[in-house]
Amino acid sequence: EQPGSTLDRIIQKPDAFQVKQTFGGYYNFSEMEAAMNTLMASYPSIAQKFSIGKTREGRDIWVIKISDNVSNDDNEPEILYMGLQHAREAITGASMIFLMQYLCEQYGKDERIKDLVDNREFFIIPCFNPDGWEYNRSTDPNGGGMWRKNRNPVDSSMILTKNGKGQNVTYDTSYTYSTFGVDLNRNWGVDWGNCGTPILGSSTSCGSSSKSVDTYYGPAAFSEAETQAVRNFTKS
C-alpha cells in the first residue's frame, strides 16, 4: 500500500508477483498452478514442481522444491512451508507464491539468498486446501469467502455422483455448514481430539467433535486426504 516504504527496501517484491484484478487480488488455484509452472520454466536448475496427492475433489496438492541441485536429495536441511491450511486465510497462499518467486529471483542477486538455497532444500505448498479455496471463489468471486475447512462430506446422508472429470464425488444437495468439512489444522496426529490439560484455550478453539463447528477435527487423526499426503511426504 506504500510503495518505496522501508519494508520494500528490505524485501523486494518479486517481479513475477501479481496482485490480481479478481478474487480480492489473490491468485485462484489455476493461477497458482500457472505461477508454479512459470517459476519452474524460468528457473529449471533450482525449482521443481510435483504433487504429493489429491484432495477429495481431485485437485493436486502441489509442492515447489527450491534448491541448488533440485533434482537430487543432497541430504541438506529440509524446510517445509504450507499456505492455505484454512481456506479463508488468503494471505498465507499469497505469501507462499511471494516466497517461491523471491527465492528464485534473488538467487543470482543476493549472496545471502544464494547461500540459503545452496545449503538447504525448501519445500513450499502454496495451497494445502485447494478444495476449500476454490469453494470460497465459487461463492464469493470478488474475495471475502469465509469457508475455513476442507470440502470432505462428513455426513452419512450423501449422494454419489460423477464430476466433469469422471471422478466419483459425494455431495449433499441440501447443503448446510454441518454437512461438509474438517479443520485440517486439527486433524494432525499429535494431541488429536485432546482438549484437556495442559492444552489451553476454549474447547471450541482447541477443536470440536461437532461437524457443524469450524474447528471440527474429523472422525480420526489423519482422516483427511490432505493431512495424509503431507504425513506421507514428510516421512519419505
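Some notes on this structure:
- Accessible surface of the chain [probe 1.4 Å, protein heavy atoms]: carbon and sulfur percent: 50
- Cysteine residues of the chain whose Cβ has no partner cysteine Cβ closer than 4.7 Å: Cys104, Cys127.
- With all protein chains modelled, accessible area of Arg56 [1.4 Å, Å²]: 100
- Listed residues Ile124, Ile11, Ile64, most fluctuating in the chain (Gaussian network, C-alpha, under 10 Å): Ile11
- Listed residues Ala90, Ala47, Ala221, most fluctuating in the chain (Gaussian network, C-alpha, under 10 Å): Ala221
- Surface listing: Phe123, Phe50 arranged by accessible area from highest to lowest gives Phe50, Phe123, probe 1.4 Å.
- For Leu99, the solvent-accessible surface with a 1.4 Å probe is about 40 Å², rounded to the nearest 10.
- Three-way shape call for region 4-121 based on the alpha-carbon gyration tensor, with the a/c threshold at 1.5: oblate
- Accessible surface computed residue by residue for the chain, with neighbouring protein chains in place and a 1.4 Å probe, gives 52 Å² per residue.
- The chain, relative contact order [Cα under 8 Å, separation at least 6], %: 19
- Taking Glu89, Glu111, Glu31 as the candidate residues, the one with maximal mean-square fluctuation in a Gaussian network model of the chain, Cα springs under 10 Å, is Glu111.
- With contacts taken as Cα pairs under 8 Å and at least 6 residues apart, region 36-165 reaches a relative contact order of 28 percent.
- Across the protein chains, with a 1.4 Å probe defining accessible surface, the residues Cys104, Cys206 rank Cys206, Cys104 from largest area downward.
- When the inverse distances between all different Cα atoms of the chain are averaged and flipped, the Kirkwood radius reads 19.2 angstrom.
- Treating r as the C-beta distance of Ser71 and Gln228 and R0 as 35 Å, the FRET efficiency rounds to 0.85.
The values are calculated or read from the model by the stated rules, or taken from the named source; none is laboratory data. These figures come from a predicted structure and were not determined experimentally. In this analysis, Cβ positions are derived from the backbone assuming ideal geometry, glycine residues included, and neighbour counts consider all displayed protein chains. Side chains included, ligands, DNA and RNA excluded: accessible areas come from the protein's heavy atoms. Shrake-Rupley method; radii C 1.70, N 1.55, O 1.52, S 1.80 Å.
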